[in-house]
Each structure stands twice: as structure tokens, then as C-alpha cells.
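Participant: Take this structure, written in C-alpha cells, and hold onto it; I'll ask about it next.
The values are calculated or read from the model by the stated rules, or taken from the named source; none is laboratory data. Fair warning: this is a prediction, and the values are worked out from it, not measured in the lab. Protein only, heavy atoms only, side chains kept; ligands, DNA and RNA dropped before computing areas. Shrake-Rupley method; radii C 1.70, N 1.55, O 1.52, S 1.80 Å.
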Amino acid sequence: MKLALIGFGQAGGKVVDEFLAFDERIGGGFVESAIAVNSATTDLKGLERVPERNRVLVGQARVKGHGVGADNELGAEIAEADIDEIQGAIDRIPVHEIDAFLVVAGMGGGTGSGGAPVLAKHLRRIYTQPVYGLGILPGTDEGGIYTLNAARSFRTFVDEVDNLLVFDNDAWRSAGESVAGGYDRINREIVERFGLLFAAGEIDQGDHVAESVVDSSEIINTLSGGGVSTIGYASETVETDDGLLSSLTGDDGFDEGAATNRLTSLVRKATLGRLTMPCDVASADRGLVVATGPPSRLNRKGVERGRQWLEDETGSMEIRGGDYPLPDRNEVGTIVLLSGVTDVPRIDQLQQVAIEAQETTEDVRAQADEAFTSLMDTGGELDALF
């Protein structure tokens with residue numbers, strides 16, 4: 001699947017940078033173009049792989065390159081005002097060669113959470129290709145303002161994209177990690193899961209062709225209908241240097257039954273393990289199963305059994321499946337995409353906390369205004385200078 005990636009804000013830019021590294025590492029070929037948009041000069045300079053000509057600084061007239069200070073209303077305003085600047089970079093994308101746009105943003109800050117929905121709305125108005133969002137939720141311990149930003153951005157972003165893929169930082173934090181180390185690891189987790197999904201089906205000359213090809217239409221159809229999506233991934237190390245890398249029909253002792261059972265088990269682990277956003281699997285409207293790894297360790301029967309199991313778990317008839325051979329890897333893995341999920345406790349919690357934070361903020365402001373008025377009240381005995 002050929003994508004035009006647009007990272008909006010600090011988190012969005014870093015994730016797009018990581019996508020470029022991952023695409024190069026696996027030879028996936030799914031990133032056609034990459035753009036980073038930000039209101040802070042230092043964040044853009046900190047990127048390593050997004051081409052400098054594709055780094056767009058917005059809001060210079062308002063914030064002078066210093067960011068919006070977690071004010072996502074301001075982030076939305078400067079995105080609206082400077083949409084032509086962003087479009088200038090998009091105009092350099094060979095749009096006729098891409099399958100979709102992917103707008104990536106952290107939803108707790110200001111620039112990305114405010115600007116990403118604005119950009120998504122703009123892209124859908126102009127282009128016929130699907131516009132997907134990848135939204136990264138802040139942890140619950142990051143503070144009320146970031147939770148409020150995320151809840152408001154989520155509500156807006158999901159309406160402006162063809163599907164919103166979500167990654168919840170809260171579900172992926174590890175105790176004892178430094179802030180920088182934690183975010184770097186989380187970014188790699190994000191990119192591996194979504195990158196393997198989008199890379200599936202991109203076949204170059206000489207590559208192994210999958211038994212059941214997963215191409216861009218499978219992904220697009222699974223994401224059609226809008227709503228919210230989450231991804232699961234599970235993998236298992238396999239031997240690759242023992243001479244068994246032959247076809248499944250060979251007589252070299254390869255155990256096809258074991259390969260089938262392994263794939264079926266990995267589909268279950270990917271689905272019932274740690275999803276990018278935890279949810280009730282039964283609430284998914286559509287799904288896609290992709291098996292990855294050395295070609296000889298993949299077979300159609302294993303993918304089909306895993307697909308049937310997911311169909312039973314979700315009660316949906318729209319569960320697709322296929323495989324993506326990766327000859328140079330020593331792992332067999334499965335990616336499970338659950339689309340149109342509706343039973344998501346984290347979103348309910350996020351919205352409730354945001355409502356409480358909004359009410360508290362309004363109360364504090366009212367009390368502050370009242371206290372200031374009382375402070376400055378002299379009973380009419382002292383006149384102002386002018």
C-alpha cells in the first residue's frame with residue numbers, strides 16, 4: 001500500500017521519521033512521500049529522515065516558531081490560516097501513485113491535536129484517495145489539559161477522516177522507563193504494527209509472492225465505513241538456517257501441521273493480547289488477518305483457520321485474510337486489524353475525565369475572576385490612574 005505520510009506536531013513528526021526508518025529497514029516500499037508540519041522550529045530541526053524541503057513551519061505570524069503551548073484551539077486556527085503552506089508541500093507528492101493519505105498526530109498536545117483534523121478535512125475535500133488518521137492518545141498521568149485536548153481532538157478527528165487508527169500510550173507504558181526512552185520505544189511499537197500492515201502486498205521484482213496476497217484494496221475495504229480501528233500483533237522466533245526454507249510441498253521434513261497451528265495460535269495472541277487500543281473484540285465491524293515471516297513458514301490453511309476464528313469472535317462476515325512473506329526475518333508473526341470497534345473503555349474514560357477537567361477549569365477561572373475583582377475592590381476610595 002503506497003502512502004503519503006503527514007506528521008502533524010511533535011509526536012506526529014517523530015512517528016513519521018520512524019516510519020521512514022522502518023520502511024527502509026524492511027524494504028517495504030509503502031512510504032511514497034513524507035511531510036512534517038509543526039509550529040515549533042526546534043521540533044522540525046530535530047527530525048532525521050523527513051527531507052528538509054518537506055518540513056513545513058506554520059503559525060509564524062502568531063507564535064514565531066515557538067509552538068502553541070498545548071493550546072489546540074490555536075493549533076487549529078494556525079492550520080486553517082496556513083493551509084496553503086501545507087498544500088505547497090503536498091503538491092510535490094505524486095498523488096496519482098498513492099493509495100491513501102495517513103495523517104499522524106499526538107492528540108494531547110496543541111499543534112497536532114488541533115491541526116490534524118483541519119488538514120484531514122482539507123485533504124478529503126480535494127482528493128479522491130482515502131484519508132486515514134493515526135491518533136496517539138496521551139497517558140492518564142500526563143495531566144488534565146492533555147486529556148481534555150485528546151478528548152476534543154478525538155471527537156473532531158474521527159469525523160474528518162475515513163478511519164481513525166488509534167494508539168493508546170497508557171496501554172504501552174513500562175515502569176521505570178525514562179520519558180525519552182519510553183517515547184522512543186512506543187514509537188517503534190507504533191511503527192512496527194502499522195508499518196507491517198501497510199507494507200503487506202508491496203511486491204518488488206524477485207520478491208516472494210504471497211499464497212494469498214494482501215493488497216491495498218483489502219486494507220481499504222477493511223477500513224471503509226469509518227469509525228475507529230485498533231491493531232494487534234504477535235510473533236514467534238523460528239529457525240531459518242537449518243535448510244528447511246523450502247516450499248510446503250517439499251519432502252524435507254517440514255511440518256505443515258505445526259505451521260498451521262502456529263499461525264492459528266498467533267492470530268489468537270494478536271487479537272486477545274495487547275492491542276494498540278484495548279477494546280471488546282466482539283464490537284469490531286470488520287477485520288483483517290495478515291501473516292508475516294519466512295515464506296516456508298506461512299501457509300494458506302493457517303491464515304484461513306485464524307480468519308475463521310476471528311470471524312467467530314467478532315460475529316462479522318467481513319473478515320479478510322492473507323500473508324506477507326518476509327524472507328530475511330527469523331520470526332513468524334500475525335497482524336490483526338479490527339475496524340469499526342465501538343466498545344472502547346479507554347475512550348469512555350477519556351471523555352469522562354475530559355468533561356470533569358473542563359468543568360474544573362471553568363470553576364477555577366470563575367473563582368479566579370471573582371478573587372481578582374475582590375482584590376482590586378477599594379470601595380470606591382481609590383481612583384485608577386486612567
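Participant: If I compute solvent accessible area with a 1.4 Å probe over the protein chains, what percent of it on segment 3-201 is carbon and sulfur?
Facilitator: On the way: 3400 of 7650 Å².
About 44 percent, which is the carbon plus sulfur part of the accessible surface.
Participant: How big is the gap, in Å, between the Cα center of segment 4-31 and the Cα center of segment 339-364?
Facilitator: Spelled out, the Cα-based centre of one part sits 29 Å from the other.
Participant: Still on this structure, I have one more. Accessible area of THR271, 1.4 Å probe, to the nearest 10 Å²?
Facilitator: Counting only protein heavy atoms, the figure is 0 Å².
Participant: Counting only the heavy atoms of the protein chains, how much of SER283 is accessible to a 1.4 Å probe, in Å² to the nearest 10?
Facilitator: 20
Participant: Got a sec to turn the phi values of segment 36-42 into Karplus ³J(HN,Hα) couplings, 6.51 cos²θ - 1.76 cosθ + 1.60 with θ = phi - 60°, whole Hz, x for Gly and Pro?
Facilitator: For segment 36-42, the Karplus-derived couplings read 10, 10, 7, 9, 10, 4, 4 Hz, x marking Gly and Pro.
Participant: A further question follows. Lysines within cross-link reach of LYS121: Cα-Cα under 23 Å, excluding same-chain residues under 8 positions apart?
Facilitator: LYS2, LYS14
Participant: What list of ³J(HN,Hα) values in whole Hz, one per residue of segment 344-356 in order, does the Karplus curve 6.51 cos²θ - 1.76 cosθ + 1.60 (θ = phi - 60°) give from phi, with Gly and Pro shown as x?
Facilitator: 10, x, 4, 5, 4, 5, 4, 5, 5, 4, 5, 4, 5
Participant: Work out how far the C-alpha atoms of segment 3-201 reach from end to end along every principal axis, then list the three figures in whole Å, largest first.
Facilitator: Taking the Cα atoms of segment 3-201, the three principal extents are 43, 39, 31 Å.
Participant: Still on this structure: At 37 °C and 0.692 mPa s, what whole-number value in µm²/s does Stokes-Einstein give for the translational diffusion of the chain, with Rh from the Kirkwood sum over Cα pairs? Intermediate results must be reported in sequence, preceding the final value.
Facilitator: Values: Rh = 22.2 Å.
Taking Rh from Cα pairs, D becomes 148 µm²/s.
Participant: Using the heavy atoms of the protein chains and a 1.4 angstrom probe, tell me the accessible area per residue for the chain in square angstrom. Please report the intermediate quantities before stating the final value.
Facilitator: Values: 17600 Å² over 386 residues.
For the chain, the solvent-accessible area averages 46 Å² per residue.
Participant: Below 8 Å between Cα atoms, with a sequence gap of 6+, how large is the relative contact order for segment 1-139 in percent?
Facilitator: Values: 301 pairs, mean separation 40.8, N = 139.
Taking the mean separation of contacting Cα pairs over the length of segment 1-139, I get 29 percent.
Participant: Order THR128, THR373, most accessible first, counting only protein heavy atoms with a 1.4 angstrom probe. Provide the component values of the computation, followed by the final result.
Facilitator: Values: THR128 135, THR373 90 Å².
Result, largest first: THR128, THR373.
Participant: Show which lysines lie in cross-link reach of LYS269 when reach means a straight Cα distance below 26 angstrom and same-chain residues fewer than eight apart are skipped.
Facilitator: LYS301
Participant: Oh, and also: For the chain, what does -39500 (n - 2.57) per DSSP helix run (n ≥ 4), summed and divided by total residues, give at 222 nm, in deg cm²/dmol to the nearest 500?
Facilitator: Value at 222 nm, helices only: -14500 deg cm²/dmol.
Participant: OK, next. So what is the relative contact order of the chain, in percent, for Cα pairs below 8 Å that sit 6 or more residues apart? Don't skip to the answer; put the middle values down first.
Facilitator: Working: 820 pairs, mean separation 57.4, N = 386.
In percent, rounded to a whole number, it is 15.
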